[in-house]
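The values are calculated or read from the model by the stated rules, or taken from the named source; none is laboratory data. Because the structure is a prediction, the values reported are computed rather than measured. When we count neighbours, we look across all protein chains shown, and the Cβ atoms used for this are built from the backbone with ideal geometry, even at glycine. For the accessible areas, the whole protein counts, side chains as well, though only heavy atoms, and no ligand, DNA or RNA atoms are used. Shrake-Rupley method; radii C 1.70, N 1.55, O 1.52, S 1.80 Å.
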Amino acid sequence: MKKNKILSLLMAMVMVCTLLIGTQRNVQAADGQECVDGSYLTNDDSSEATVGSMSRGVYLKSGSSNIVRAGTGKIGAGGNTVGQKTVSKITVIVTVERLLNGKWAYYTSWKETNYNSVYVSSSKTLSVPTGYYYRVCCTHYANSDVSGSYTDGIYI
């Protein structure tokens, strides 16, 4: 049964990411900055994105994703989820993606869950290959509410 729950959470994460980026395409901003699937490709040292409460959400207040350059070949990646009130289960799934051949590709992910809480957060420092753009996508759960957020890409 536990395996089925993990599988359903992963499938929901994939669906949210697909919904977030499925309708996006590569565009060139007025300042020349390229945008791939909703994320601008930057040379910034960090990027953060926050999603507010859902229009019909009862439990989910907000969530955020963040990525930071943490040294040569290292990134800090993480996210958090905030509930409207104490909920029985609150989760953040953090997914790191790398730009390969003009498309965002899965690099790694992990999840953190708190019970009977209003907040959950998780972050890690990762060693990554240099010469690529990276971004963080998070899926935010508070009981039955779900939403997603993703950062711009930073060059490592």
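The set of residues in the range 104-121 being surrounded by 15 or more Cβ atoms within 10 Å (Cβ to Cβ) and not small (Gly, Ala, Ser) consists of 104, 107, 111, 112, 113, 114, 118, 119, 120. Check whether at least one residue in the range 126-148 is more than 24 Å from residue 38 (Cα to Cα), surrounded by fewer than 20 Cβ atoms within 10 Å (Cβ to Cβ) and touching a Phe, Trp or Tyr at 6+ places or on another chain (Cβ under 9 Å), and report yes or no. Yes, some residue in the range 126-148 is more than 24 Å from residue 38 (Cα to Cα), surrounded by fewer than 20 Cβ atoms within 10 Å (Cβ to Cβ) and touching a Phe, Trp or Tyr at 6+ places or on another chain (Cβ under 9 Å).
Among the residues making up the range 71-97, those that are surrounded by fewer than 18 Cβ atoms within 10 Å (Cβ to Cβ) and in contact (Cβ under 8 Å) with a residue 12 or more places away in the chain are 72, 73, 74, 76, 84, 85, 86, 88, 89. Scanning the range 60-70 for residues that are open to solvent by 10 Å² or more (accessible area, probe 1.4 Å) and outside any loop (DSSP other than H, G, I, E, B) yields 61, 62, 66, 68, 69. Restricting attention to the range 116-137, does a residue exist that is free of Cβ contacts under 8 Å to residues at least 40 places away in the same chain and closer than 16 Å to residue 41 by Cβ? So far as the range 116-137 goes, yes, one or more of its residues are free of Cβ contacts under 8 Å to residues at least 40 places away in the same chain and closer than 16 Å to residue 41 by Cβ.
Of the residues making up the range 26-59, those that are in contact with a Gly (Cβ under 8 Å, 6 or more places away or on another chain), open to solvent by less than 60 Å² (accessible area, probe 1.4 Å) and either of a type in the set (Val, Ile, Thr) or modelled with pLDDT under 95 (or both) are 36, 39, 42, 51.
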